[in-house]
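To start, the structure itself, in structure tokens.
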Amino acid sequence: MELYRNEATQYISFADIDSEIDKDEAADKPEKFKYANWNKWEESVYIYLDSIVSKNGAPLSYVIRKDLNEDVEWESLDRKTQQIYTASLEGLIFNIDSKRVLTLLKELCLDTEAETWFRNIKCGREAIKALQIHYDCTDESKRRKEEARAKLKTIYYKHEGTFTFEKVRY
């Protein structure tokens, strides 16, 4: 209320920006977080946020962008990626976008083990970084590999419908 009294036009423009936030959502919202699907889930969050355009003209994924590899030449990047990496990570629009991302993450992680890793965080960028630090750390990676190896030991061949003999190239 104090902001409105001091700067009425600024307050009105903030309200205008905030009111148009939910327009033009194209991609499907990611599923609720599951530990077993961390990598796919993280990618689906990026894809979803990539489909939403912020007021600054960049895809909303700029809030949770990862650091750009030093080997990458700027001219080789497409326009969308350039927008993501040139968008400012401070200011009013970033704060609004960051809260929007945080709200999404809280919604997707509600009542899951991931919720505890960013419970007291107030920024969407910090929240995704907290999840990445936890789920992408070396100990967690070792645990996933051990789990996969244990599953491989219990899997057995029934017939070709279960395991085809065709070679798969990645």
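The values are calculated or read from the model by the stated rules, or taken from the named source; none is laboratory data. Note that the structure is a prediction, hence the values are computed from the model and not measured. We place every Cβ from the backbone using ideal geometry, glycine too, and count neighbours over all the protein chains shown.
Key figures for this structure:
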item	result
Listing of helices (runs of 4 or more DSSP H) fully contained in region 1-66 that carry 1 or more residues being in contact with a helix residue (DSSP H, G or I) (Cβ under 7 Å, 6 or more places away or on another chain), buried (at least 18 other Cβ atoms within 10 Å of the Cβ) and at pLDDT 60 or above	38-50
Residue under evaluation Val72, criteria (1) more than 21 Å from Lys40 (Cβ to Cβ); (2) touching an Asp or Glu at 6+ places or on another chain (Cβ under 6 Å); (3) aliphatic (A, V, I, L, M), criterion not met	(2)
Qualifying residue in region 71-81 (condition: in a helix (DSSP H, G or I), modelled with pLDDT of 85 or more, in contact with a helix residue (DSSP H, G or I) (Cβ under 7 Å, 6 or more places away or on another chain) and not basic (Lys, Arg))	no
Subset of region 104-132 that is of a type in the set (D, E, K, R) and within 10 Å of the chain's Cα centre (by Cα) - its residue that is surrounded by the most Cβ atoms within 10 Å (Cβ to Cβ)	Arg125
Filtered residue count, region 94-129, keeping only those that are outside any loop (DSSP other than H, G, I, E, B), modelled with pLDDT of 90 or more and of a type outside the set (D, E, K, R)	14
